[in-house]
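Working notes, structure below.
The values are calculated or read from the model by the stated rules, or taken from the named source; none is laboratory data. The model shown is predicted, which means the values in this text are computed figures rather than measured ones. Cβ placement follows ideal geometry from the backbone for every residue including glycine, while neighbour counts extend to all protein chains displayed. Surface areas here come from the heavy atoms of the whole protein model, side chains and all, with no ligands, DNA or RNA. Shrake-Rupley method; radii C 1.70, N 1.55, O 1.52, S 1.80 Å.
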Amino acid sequence: HVQLVESGGGLVQPGGSLRLSCAASGNIFSMRTMGWYRQTPGKQRELVASINSGGSTNSADSLKGRFTIARSNAKNTVYLQMNSLTPENTAVYYCNLVDVYGNYWGKGTLVTVSS
């Protein structure tokens, strides 16, 4: 069983930055992809960025240049650095891990961008 615990969400002013963290624990296969998705009311969950065990990344085109994903394999942790935030980035951000055993989700962390 895999557990994902997100942290780092909160309230930030437009133009500000936040860093989200997601720590994975449990029976984690070495070959895995971890990532971040986000969801707003009435919309489908969408990919923000992902990174595989080799370090290759994938991210939403609209967020490239402002959002950066990174990981620590030793800590089983993935990070999302979010810069130049706008109110449109307000959402619940979910951590995701995919390996040969399954597809796992964290409970989500709320990011609110508002003045």
Mean separation of Cα contacts under 8 Å (at least 6 apart) over the residue count of the chain, i.e. the relative contact order in percent, is 37 percent
Extension length gain for residue 105 and residue 90 (0.36 nm per residue less Cα distance), in nm, is 3.5 nm
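What length, rounded to one decimal in nm, is gained on full extension from residue 115 through to residue 23, with 0.36 nm per residue of separation minus their alpha-carbon distance?
Values: separation 92, 0.36 × 92 = 33.12 nm, distance 2.96 nm.
Using 0.36 nm per residue and subtracting the Cα-Cα distance, I get 30.2 nm.
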Taking alpha-carbon centroids only, the range 53-112 lies from the range 1-37 a number of Å equal to 6 Å
For the range 1-101, whose charge dipole is built from +1 on Lys and Arg Cβ atoms and -1 on Asp and Glu Cβ atoms, the candidate among 96, 52, 36 with its Cα farthest towards the positive end is 52
Whole-percent carbon and sulfur contribution to the accessible surface of the chain (1.4 Å, no ligands, DNA or RNA) stands at 48 percent
Regression test value, accessible area per residue of the chain, probe 1.4 Å, units Å², expected 54 Å²
With every protein chain in place, the accessible area of residue 45 for a 1.4 Å probe, in Å² rounded to the nearest 10, comes to 90 Å²
Taking a label point 7 Å from the Cα of residue 66 along Cα-to-Cβ, the residues of the range 13-28 whose backbone nitrogen sits under 13 Å from it are 13-18
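What order, most packed first, do the peptides 23-31, 107-115 have when packing is the mean number of other Cβ atoms within 10 Å of each residue? Intermediate values should be presented prior to the final figure.
Details: 23-31: 13.2, 107-115: 15.2.
Result, highest mean Cβ count within 10 Å first: 107-115, 23-31.
Based on Cβ point charges of +1 for Lys and Arg and -1 for Asp and Glu, what charge dipole magnitude is obtained for the chain about its Cα centre, in debye rounded to the nearest 20? Let's see the in-between values first.
Working: 10 positive and 5 negative charges, 20 e Å.
Result for the chain is approximately 100 debye, rounded to the nearest 20.
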